Amino acid sequence: MMPQSDSVFGPVLSCLNQGRYSAAMMKLTNLSHEYSKDLNYLRLLAKTQKALADFSALIITLKYTARLTNLSADYIEHMLTLYSQGRLNEALDIALNLEEKSLSVSEKKIVAHCLIKIYLEFFDYEGAEEVIRMCNTAAQDDLMMFALGLVFLARGEQNEALVYLRKSVELNCKNDQAWVSLSLLHEDMGDHEIALANLDKAFDANPNNATGLKLLTKWHRRDAGQVNKAIRHIRYYLSKFEFDEEISLCYMQLLKEVDDVKSLHFEAEKLVLYNPNKLKYSVIKKNLELRMKLQHEITMNV
């Protein structure tokens, strides 16, 4: 920054460095009329909005900044933020436009990754495959191998899918999505023990893989030892993401298997709190309360 900018934006920087993001935003708001087109102002504004998790405003700021600078790096930041907020079509438009620009090697890889992820979310396996085929073979990585595995799975070519999914986890053992896909594939091929082992690898990489937790619930319900293992995994997940309806329902299925009525009731209370308009959760809670009352009465009469 120029000395003049330092004097103008110094108080904002001081607030940001101290983690006082609301105060920084107030100062930026006071400067907005005079500096709204100043690049230093816009970068500080984006940083503050990101710190405050105000992503709707951040997207607007990044869009304006990219148009002002016409720099690939700014378009990429805008694209990635749109993707992170689930605005896939807008992110896709930017990514496709960036493909026409002169990009550095690292920028090309970022754009390719974003395109692949978007195409996979749209189940557009041909689109994902085309992006990968256009990349330099030496630059292909675990995400690209994972995507190719899904491409072959979509075609029903299990052996080819197995090859690429294995390559993905060999390149990056932390790719939990690839481990889950391998687990599903092995289960479909009749290799249940290998499927379970791959699911364990997925949780080693990411204990919060929701798809893996659903599989764990489905596969382990009839084995008491494995049920307790699944319960531990789900409890950890719910300690991080308390109000997740699907995982809470998985948890309740497992709690029912071990007859933990008290924990079942607590989870039902959460579901009623989170979904007050869903009658079935209120009914479940009421039935559990009646069951607990009955158990208490039996205990008192023994």
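The values are calculated or read from the model by the stated rules, or taken from the named source; none is laboratory data. Nothing here was measured: the structure is a model prediction, and the numbers come from that model. Positions of Cβ are generated from backbone atoms using ideal geometry, with glycine treated the same way; all protein chains shown enter the neighbour counts.
Suppose we keep only residues that are crowded, with 20+ Cβ neighbours inside 10 Å and small (Gly, Ala, Ser) within region 237-282. Which one would you say is nearest to the chain's Cα centre (by Cα)? Per the criteria, the residue is Ser248. Among the residues making up region 169-181, those that are closer than 27 Å to Glu245 by Cβ and not small (Gly, Ala, Ser) are Asn175, Asp176, Gln177, Trp179, Val180. Note on region 233-259: residues that are outside any helix (DSSP H, G or I) and under 22 Å from Pro276 (Cβ atoms) total 4. No other residue among Glu129, Glu193 is at pLDDT 95 or above and either in a helix (DSSP H, G or I) or in contact with a strand residue (DSSP E or B) (Cβ under 8 Å, 6 or more places away or on another chain) (or both) apart from Glu129. Going residue by residue through region 149-156, is there one that turns out to be surrounded by fewer than 20 Cβ atoms within 10 Å (Cβ to Cβ), touching a residue at least 12 places away in the same chain (Cβ under 8 Å) and at positive phi? No: zero hits. Looking across region 65-77, the residues that are assigned to a helix (DSSP H, G or I) and either closer than 24 Å to Gly19 by Cβ or over 21 Å from the mean Cα position of the chain (by Cα) (or both) come down to Thr65, Ala66, Arg67, Leu68, Thr69, Ser72, Ala73, Asp74, Tyr75, Glu77. Scanning region 119-139 for residues that are closer than 15 Å to Arg155 by Cβ, surrounded by fewer than 16 Cβ atoms within 10 Å (Cβ to Cβ) and hydrophobic (A, V, I, L, M, F, W, C) returns a single hit, Phe123.
It is to be established whether one or more residues within region 155-163 are in a helix (DSSP H, G or I), closer than 21 Å to Cys114 by Cβ and out of contact with any His (no Cβ under 9 Å at 6 or more places or on another chain). Steps first, answer last, please.
Of the residues in region 155-163, the ones in a helix (DSSP H, G or I) are 158-163.
So of that shortlist, the ones also closer than 21 Å to Cys114 by Cβ come out as none.
No, region 155-163 contains no residue that is in a helix (DSSP H, G or I), closer than 21 Å to Cys114 by Cβ and out of contact with any His (no Cβ under 9 Å at 6 or more places or on another chain).
Of all the criteria given as (1) buried (at least 20 other Cβ atoms within 10 Å of the Cβ); (2) under 16 Å from the mean Cα position of the chain (by Cα); (3) within 22 Å of Val151 (Cβ to Cβ), the one not satisfied by Thr211 is (1). For residues that are aliphatic (A, V, I, L, M) and modelled with pLDDT under 90, scanning just region 204-245, find the one that is nearest to His186 (Cα to Cα). Among them, the one singled out is Val227. From the list Leu28, Leu42, Leu16, Leu62, the lone residue that is closer than 21 Å to Lys101 by Cβ, assigned to a helix (DSSP H, G or I), without any contact (Cβ under 8 Å) to a residue 40 or more places away in the chain and more than 26 Å from the chain's Cα centre (by Cα) is Leu42. The single residue among Ala138, Ala112 that is modelled with pLDDT of 95 or more and not acidic (Asp, Glu) turns out to be Ala112. Residues in region 1-50 that are modelled with pLDDT under 95 and among the β-branched types (Val, Ile, Thr): 1 in all.
Would you check if there is a residue in region 55-66 being more than 27 Å from Ala139 (Cβ to Cβ), modelled with pLDDT of 95 or more and among the aromatic types (Phe, Trp, Tyr)?
Initial filter on region 55-66 (more than 27 Å from Ala139 (Cβ to Cβ)): 55-61, 63-65.
Filter once more, so that each one left must be modelled with pLDDT of 95 or more: 55-61, 63-65.
Now narrow it down to the ones that are among the aromatic types (Phe, Trp, Tyr): 55, 64.
For region 55-66, residues more than 27 Å from Ala139 (Cβ to Cβ), modelled with pLDDT of 95 or more and among the aromatic types (Phe, Trp, Tyr): present.
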